[in-house]
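Colleague: The following block contains the structure, expressed as structure tokens.
Throughout, read-outs are computed from the coordinates displayed, never taken from laboratory work. What you see is a predicted model; the values in this text were computed from it and never measured. Cβ sites come from the backbone with ideal geometry, for glycine too, and all protein chains shown count toward neighbours.
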Amino acid sequence: MRLLLDTRVLLWTLIEPDRLTDAARKAVTDPANDVAVSVVSAWEITIKQAAGKLDAPDDLPSALAEQGFVPLSVTLPHAMLAGRLPPHHADPFDRMIVAQATLEDFTVVTRDRAFERYGVSLLAA
């Protein structure tokens, strides 16, 4: 299975894994699954850390590598699709995750119900 973590799920996985559902925790830790993290999640986390609004690992790249998560870069097609998506979700970071999941055939691991309106494959976190 190809999984793409939303930002909140990424943080829960790194800091509070017990907040995840059993199914999500098993899927994210299953070595048979490819688990990706969008670079926009790193951007969002860094912005919120700089503003003092978020507690997250100081060395995010190392934390991702320790988990075996693969960074997913933003491409021009990702950006164009994200810009064209209907405004079901106001968060531009989440809209990019939807675009990436759509174009790269990922299942998004999330608890955010707004993702449902985009018709992407989801795994409840």
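Colleague: What is the ratio of the Cα radius of gyration of the range 2-124 to 2.2 N^0.38 Å, where N is its residue count, to two decimals?
Modeller: Working: Rg = 13.6 Å, N = 123, 2.2 N^0.38 = 13.7 Å.
Cα-based Rg divided by the globular estimate yields 0.99.
Colleague: Using packing as a proxy for protection, rank 32-38, 110-116, 53-59, 65-71 so that the peptide with the highest average count of other Cβ atoms within 10 Å comes first.
Modeller: Numbers: 32-38: 18.7, 110-116: 16.4, 53-59: 11.6, 65-71: 14.0.
Packing proxy ranking, top to bottom: 32-38, 110-116, 65-71, 53-59.
Colleague: For Val35, list long-range residues whose amide hydrogen, built 1.01 Å from N in the peptide plane, is under 5 Å from its own amide hydrogen.
Modeller: Amide H neighbours of Val35: Leu3, Val70.
Colleague: Which of the peptides 94-101, 21-28 is most tightly packed, and how do the rest follow, judged by the mean count of other Cβ atoms within 10 Å per residue?
Modeller: Per-residue mean Cβ counts within 10 Å order the peptides as 94-101, 21-28.
Colleague: Between beta-carbons, use under 13 Å as the cut-off and find the net charge around Leu60, counting Lys and Arg +1, Asp and Glu -1. All intermediate terms of the calculation are to be shown ahead of the outcome.
Modeller: Working: positive: Lys48; negative: Glu44, Asp55, Asp58, Asp59, Glu66.
Within the 13 Å Cβ shell, the charges total -4.
Colleague: Only four residue types carry charge here, +1 at the Cβ of Lys and Arg and -1 at the Cβ of Asp and Glu. Report the dipole size of the range 2-124 about the Cα centre in Debye, rounded to the nearest 20. The partial results should precede the final answer.
Modeller: Details: 12 positive and 17 negative charges, 84 e Å.
About 400 debye.
Colleague: Follow-up question, since we're still on this one. Would you be so kind as to identify which of Ser73, Ala99, Thr7 lies farthest towards the positive end of the dipole of the range 2-124, taking Lys and Arg as +1 and Asp and Glu as -1 on Cβ and the Cα centre as origin?
Modeller: In the range 2-124, that residue is Ala99.
Colleague: Looking at Pro87, Val108, Ile47, which one has the Cα that reaches farthest to the positive end of the dipole of the chain (charges on Cβ: Lys, Arg +1; Asp, Glu -1)?
Modeller: Toward the positive end, the furthest listed residue is Pro87.
Colleague: Sticking with this one: What is the chain's relative contact order, in percent, from Cα pairs under 8 angstrom and six or more apart in sequence?
Modeller: On the way: 166 pairs, mean separation 41.8, N = 125.
Normalised by residue count, the contact order of the chain is 33 percent.
Colleague: Another question about this same structure. Using a basic spin-label model with each label point 7 Å from the Cα along Cα→Cβ, how many nm lie between Asp30 and Asp105?
Modeller: 1.7
Colleague: Let me ask something additional. Given a Förster distance of 25 Å, report the FRET efficiency between Ser62 and Met1 from their Cβ-Cβ distance, rounded to the nearest 0.05.
Modeller: Numbers: r = 25 Å, r/R0 = 0.99.
Computed FRET efficiency for Ser62 and Met1 comes out at 0.50.
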